[in-house]
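In what follows, a single structure is set out as C-alpha coordinates and then discussed.
The values are calculated or read from the model by the stated rules, or taken from the named source; none is laboratory data. Everything numeric here is computed off the predicted structure, so don't read it as measured data. Using ideal geometry, Cβ is built from the backbone for each residue, glycine included, and neighbour counts are taken over all protein chains shown.
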Amino acid sequence: MPDATSKPAAIAQGLTAPQTAHLQELSTLELAQALAARLTLTDMDWHRLKSNRKVRASEQAAAALVFLLKDQPEEALARFRQAAGWLDRSVSAPPCPTHGHRPASYPPSSDSEV
(Lines give C-alpha, C1' and ligand atoms only; values in the text may rest on other atoms or scores of the structure.)
Protein backbone atom coordinates (compact mmCIF):
# COMPACT_ATOMS: atom_id res chain seq x y z
CA MET A 1 0.00 0.00 0.00
CA PRO A 2 1.52 3.37 -0.98
CA ASP A 3 2.16 5.84 1.79
CA ALA A 4 0.54 9.28 1.92
CA THR A 5 3.66 10.98 0.54
CA SER A 6 3.87 8.98 -2.68
CA LYS A 7 1.22 10.98 -4.55
CA PRO A 8 2.67 14.45 -3.77
CA ALA A 9 6.11 13.11 -4.66
CA ALA A 10 4.77 11.89 -8.00
CA ILE A 11 3.19 15.27 -8.66
CA ALA A 12 6.41 17.08 -7.75
CA GLN A 13 8.39 14.71 -9.96
CA GLY A 14 6.01 15.48 -12.82
CA LEU A 15 6.77 19.18 -12.45
CA THR A 16 10.43 18.59 -13.23
CA ALA A 17 9.64 17.21 -16.67
CA PRO A 18 11.58 18.91 -19.50
CA GLN A 19 8.56 20.88 -20.74
CA THR A 20 8.07 22.50 -17.30
CA ALA A 21 11.68 22.77 -16.12
CA HIS A 22 11.68 26.52 -16.81
CA LEU A 23 8.91 26.93 -14.22
CA GLN A 24 11.42 26.03 -11.51
CA GLU A 25 13.11 29.39 -12.20
CA LEU A 26 9.99 31.35 -11.24
CA SER A 27 8.92 32.20 -7.71
CA THR A 28 5.67 30.87 -6.33
CA LEU A 29 4.23 34.39 -6.48
CA GLU A 30 5.27 34.78 -10.12
CA LEU A 31 3.61 31.48 -10.98
CA ALA A 32 0.42 32.52 -9.19
CA GLN A 33 0.45 35.90 -10.95
CA ALA A 34 0.90 34.19 -14.32
CA LEU A 35 -2.01 31.86 -13.57
CA ALA A 36 -4.19 34.78 -12.47
CA ALA A 37 -3.31 36.69 -15.64
CA ARG A 38 -4.13 33.65 -17.78
CA LEU A 39 -7.49 33.13 -16.06
CA THR A 40 -8.58 36.79 -16.06
CA LEU A 41 -11.39 37.46 -18.50
CA THR A 42 -10.49 39.82 -21.30
CA ASP A 43 -12.89 42.39 -22.70
CA MET A 44 -13.37 40.15 -25.73
CA ASP A 45 -14.26 37.12 -23.60
CA TRP A 46 -16.38 38.90 -21.00
CA HIS A 47 -19.71 38.65 -22.82
CA ARG A 48 -19.19 35.02 -23.77
CA LEU A 49 -17.93 33.83 -20.37
CA LYS A 50 -19.41 36.28 -17.85
CA SER A 51 -21.88 33.67 -16.56
CA ASN A 52 -19.60 30.63 -16.79
CA ARG A 53 -19.33 29.62 -13.15
CA LYS A 54 -16.19 27.49 -13.55
CA VAL A 55 -14.37 30.26 -15.41
CA ARG A 56 -15.40 32.96 -12.94
CA ALA A 57 -14.60 30.81 -9.88
CA SER A 58 -11.19 29.96 -11.34
CA GLU A 59 -10.50 33.63 -11.99
CA GLN A 60 -11.35 34.58 -8.40
CA ALA A 61 -9.48 31.64 -6.85
CA ALA A 62 -6.32 32.51 -8.78
CA ALA A 63 -6.58 36.13 -7.67
CA ALA A 64 -7.09 34.94 -4.09
CA LEU A 65 -3.91 32.87 -4.28
CA VAL A 66 -1.94 35.93 -5.39
CA PHE A 67 -3.25 37.96 -2.45
CA LEU A 68 -2.52 35.11 -0.06
CA LEU A 69 1.07 34.84 -1.28
CA LYS A 70 1.42 38.62 -0.93
CA ASP A 71 0.43 38.25 2.74
CA GLN A 72 -2.93 39.98 2.27
CA PRO A 73 -5.25 37.42 3.89
CA GLU A 74 -8.31 39.68 4.00
CA GLU A 75 -8.20 40.28 0.25
CA ALA A 76 -7.51 36.59 -0.34
CA LEU A 77 -10.48 35.57 1.77
CA ALA A 78 -12.79 37.97 -0.09
CA ARG A 79 -11.71 36.46 -3.43
CA PHE A 80 -12.05 32.89 -2.13
CA ARG A 81 -15.56 33.73 -0.92
CA GLN A 82 -16.38 35.18 -4.33
CA ALA A 83 -15.07 32.00 -5.98
CA ALA A 84 -17.21 29.90 -3.64
CA GLY A 85 -20.19 32.11 -4.48
CA TRP A 86 -19.78 31.35 -8.16
CA LEU A 87 -19.67 27.64 -7.39
CA ASP A 88 -22.62 27.57 -4.98
CA ARG A 89 -24.65 29.88 -7.25
CA SER A 90 -25.01 32.65 -4.68
CA VAL A 91 -23.23 35.05 -7.09
CA SER A 92 -24.36 36.00 -10.59
CA ALA A 93 -22.81 38.05 -13.34
CA PRO A 94 -23.62 41.78 -13.29
CA PRO A 95 -25.14 43.31 -16.42
CA CYS A 96 -22.75 44.59 -19.04
CA PRO A 97 -21.69 48.15 -18.14
CA THR A 98 -21.90 49.26 -21.79
CA HIS A 99 -25.36 47.88 -22.62
CA GLY A 100 -28.78 48.97 -21.50
CA HIS A 101 -27.72 52.34 -20.16
CA ARG A 102 -28.69 55.62 -21.71
CA PRO A 103 -26.77 58.84 -21.26
CA ALA A 104 -27.86 60.93 -18.28
CA SER A 105 -29.43 63.49 -20.63
CA TYR A 106 -31.61 60.89 -22.38
CA PRO A 107 -34.54 61.06 -22.47
CA PRO A 108 -34.60 64.83 -22.27
CA SER A 109 -36.26 66.06 -19.14
CA SER A 110 -39.44 68.10 -19.49
CA ASP A 111 -37.74 71.24 -18.18
CA SER A 112 -34.78 71.14 -20.58
CA GLU A 113 -34.70 73.31 -23.65
CA VAL A 114 -34.92 71.48 -26.97
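For the reader, a short list of remarks on this structure follows.
- Sub-7 Å Cβ pairs linking a first residue in the range 27-47 that is touching a residue at least 40 places away in the same chain (Cβ under 8 Å) to a second residue that is in a loop (DSSP other than H, G, I, E, B), at least 6 apart or interchain, are 29/70; 47/96, ordered by first then second residue.
Rundown of residues vs (1) of a type in the set (A, V, I, L, M, F, W, C); (2) surrounded by 13 or more Cβ atoms within 10 Å (Cβ to Cβ); (3) modelled with pLDDT under 95; (4) over 15 Å from residue 93 (Cβ atoms), yes/no style:
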site: 14; (1), (2), (3), (4): no, no, yes, yes
site: 25; (1), (2), (3), (4): no, no, yes, yes
site: 29; (1), (2), (3), (4): yes, yes, no, yes
site: 32; (1), (2), (3), (4): yes, yes, no, yes
site: 35; (1), (2), (3), (4): yes, yes, no, yes
site: 48; (1), (2), (3), (4): no, no, yes, no
site: 58; (1), (2), (3), (4): no, yes, no, no
site: 72; (1), (2), (3), (4): no, yes, no, yes
site: 75; (1), (2), (3), (4): no, yes, no, yes
